[in-house]
Amino acid sequence: MSDRSAACVRGSSRDSALPLKRRRPFTGTAESRVHSRMPWLALVAAVSLTAHPVRLSAQCPDGSPPPCAARAAANPPPNSVAVLYFDNLSPDTADAYLADGLTEELILRLGRVQRLAVKSRNAVQSFRGRAAKDPSVLGDSLRVAYLVSGNIRRGGTRLRITVELVRTAGGARVWGDAFDREDADVLALEEDIALTVTTIIAGRLLPAERAPLTTWPTRSPLAYDHFLRGNHHLAQRNPRSLLRAVEEYETAVRLDRDFTPALARIAYAYGLYLAFGESGTASPDSVLRRGLTAADRALRQDPTAADAWMARGLLLTYKDPRTFLGAREAFERSIALDPRNAEAFHSYGGVLMTLGDDSAAAAAFHGALVLDPRRPSTLDHLALLRYVERRYDETRRWLDSAQAVDAGFFDAYGTRILLHLTLGEVAEAQRVAAALMQFGVATSVPLAAHAVLTAVNARAGDSVAARQHLDSLSRVVGTLQSPSPPQGFLVGWALMAVGDVDRTLDLLERVHPRGADLSFYLRFPEFDPVRTHPRFQRLVEESRPPGAPK
């Protein structure tokens with residue numbers, strides 16, 4: 001749920017092919033960015049990341065290379081450490097959940113020690129499989145003084161885990177060990193490794209520092225195994241995997257009814273499921289109710305569970321889509337309880353951006369980058385924020401940063417197309433759109449593909465191609481009586497591109513629900529030609545959240 005515990009909230013991540021989200025989670029890296037209500041969110045799972053990305057320059061708003069955050073000192077802090085993803089050496093590749101789970105829980109445990117500066121799971125994602133590389137090179141890239149790496153092999157009911165701690169300056173091996181235990185001893189192994197690593201880096205620990213390293217989320221090894229399996233499915237970020245994650249977490253809770261983190265992640269998985277616009281055999285109201293029930297139960301058991309507050313904040317944006325009643329406070333509570341959770345800052349920024357509190361949103365996004373400078377979703381969200389504010393130079397620089405950190409990050413492609421078209425850079429928009437289509441968008445998410453191609457062809461003067469894609473787009477949404485806000489934006493963007501104002505307004509007036517999401521989309525420059533139209537102004541007033549600036 002937090003960056004250190006396998007969660008990604010809307011926008012992080014590879015959420016989509018276009019920046020039509022408020023906050024995700026989603027997720028080119030595995031983070032996710034899933035903070036949107038877009039019909040093409042399944043792109044996270046449907047599109048291969050092996051295509052060749054557009055090569056972009058790397059620049060932050062201050063003119064320096066990314067990551068875009070407070071510039072690092074010449075040398076990394078002496079107490080800084082990154083836990084690289086453990087290799088799975090088991091004959092069964094399905095045991096990858098165990099290697100990933102051990103890595104992420106070590107990051108979580110070490111991150112509880114205030115004297116340590118621990119890199120987030122998102123920061124180390126792109127370094128998978130590189131533990132054997134030159135430690136000094138990895139140390140420079142990650143800005144850390146120490147690296148933890150290892151591998152895991154299961155044989156029957158036995159686990160063999162090898163781990164080592166290396167000082168990046170010079171590559172000296174500071175500590176290493178091999179553990180041969182029963183697979184029921186994973187929690188004890190995590191505690192042993194975390195205590196040893198922390199003591200070597202930080203020195204003697206005070207009782208208050210030892211406590212979080214030795215606190216177990218459950219005393220049931222089997223419940224914990226299902227919890228790690230759930231985390232593995234949660235990280236895959238698609239509707240089917242989210243439901244499988246819920247099943248694993250629910251099994252964990254049946255085995256240990258007091259397993260608060262598992263309850264929190266049930267709530268979070270349901271929130272992400274709603275972000276995909278999926279309900280399956282259950283209605284969205286039923287999914288929302290189940291998620292809130294899990295979050296409330298977790299908070300009754302532990303009112304200080306930061307991840308449960310974060311999950312509750314996400315769910316409340318769906319309970320009250322007009323005002324996000326209670327969501328802002330829930331995220332603030334989560335951050336107060338865990339001020340080192342970059343994901344919570346990012347998600348909070350998304351809520352604030354959608355509600356129209358731009359300055360507070362920017363502050364929250366910068367807070368996320370201070371904790372985790374290599375977050376493409378946060379960099380892209382800052383680009384999107386500046387885009388709706390018409391600060392286009394800053395938009396471009398934040399996009400450069402996002403795609404320098406992760407050249408395959410999909411959201412930035414969409415934001416860049418919007419920017420190029422707004423600035424009249426049609427050839428550049430065509431180039432980025434062609435690259436985007438190489439990722440399989442045309443077949444995976446036709447709604448987004450047809451909207452992009454309608455707008456790009458219209459601006460290029462190819463009215464025949466634009467109308468063909470608009471006709472295809474109209475067939476896709478022709479049966480929608482009440483388009484969602486993101487669907488309304490996509491189709492409205494395409495209609496505006498061909499100059500069909502009346503159909504644009506007719507469509508937007510059918511969008512449901514009217515509230516914070518729609519209010520945010522109506523801010524986009526694409527609707528500037530109708531901004532003074534009485535029908536559009538009425539939509540703006542009916543959708544504006546209470547307290548949002550006019």
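Once backbone amide H atoms are built at 1.01 Å from N, Asp87 has Gly150, Asn151, Ile152 as its partners under 5 Å, excluding neighbours fewer than 5 places away on the same chain. The phi torsions of the stretch 102-114, fed into the Karplus equation with coefficients 6.51, -1.76 and 1.60 and a -60° offset, translate into couplings of 4, 4, 5, 6, 5, 4, 5, 5, 4, x, 7, 8, 5 Hz, rounded to whole numbers, with Gly and Pro shown as x. Full extension of the chain between Val540 and Asp506 gives 10.8 nm of extra length, using 0.36 nm per residue less the Cα-Cα distance. Sorted fewest first by neighbouring Cβ atoms within 10 angstrom, Ser283, Ser149, Ser141 come out as Ser283, Ser141, Ser149. Kindly state, to the nearest 0.05, the FRET efficiency for His366 paired with Thr157, given R0 = 60 Å and r defined as their beta-carbon distance. So, using R0 = 60 Å, E works out to roughly 0.80.
With both labels modelled 7 Å from their Cα along Cα-to-Cβ, the Ala211 to Gln468 distance reads 6.8 nm. With both labels modelled 7 Å from their Cα along Cα-to-Cβ, the Arg391 to Thr196 distance reads 4.8 nm. Subtracting the Cα-Cα distance of Met437 and Asp177 from 0.36 nm times their residue separation leaves 88.8 nm of extension gain. Computed from backbone phi with θ = phi - 60° and the Karplus coefficients 6.51, -1.76 and 1.60, the 3J(HN,Hα) list for the stretch 489-503 is 5, 4, 5, x, 4, 5, 5, 5, 5, 9, x, 8, 5, 4, 5 Hz; x is used for glycine and proline. 3J(HN,Hα) along the stretch 224-236, derived from phi through the Karplus expression 6.51 cos²θ - 1.76 cosθ + 1.60 where θ = phi - 60°, amounts to 5, 4, 5, 4, 5, 5, x, 4, 4, 5, 4, 5, 7 Hz, with x in place of Gly and Pro.
For Trp175, nonlocal amide neighbours, meaning residues 5 or more places apart or on other chains whose placed amide H falls under 5 Å from its own, are Leu165. With a ≥ b ≥ c the root eigenvalues of the C-alpha gyration tensor of the stretch 80-214, is it rounded (a/c under 1.5), prolate (a/b larger than b/c) or oblate? It is oblate, given that a/c is not under 1.5 and a/b is not larger than b/c. A full extension of the chain between Glu428 and Asp258 corresponds to an added length of 55.7 nm, given 0.36 nm per residue minus the alpha carbon distance.
A short reminder: the numbers here are calculations on the coordinates, not readings from a lab. Only a predicted model underlies this, so the values are computations on that prediction, with no experimental measurement involved. We place every Cβ from the backbone using ideal geometry, glycine too, and count neighbours over all the protein chains shown.
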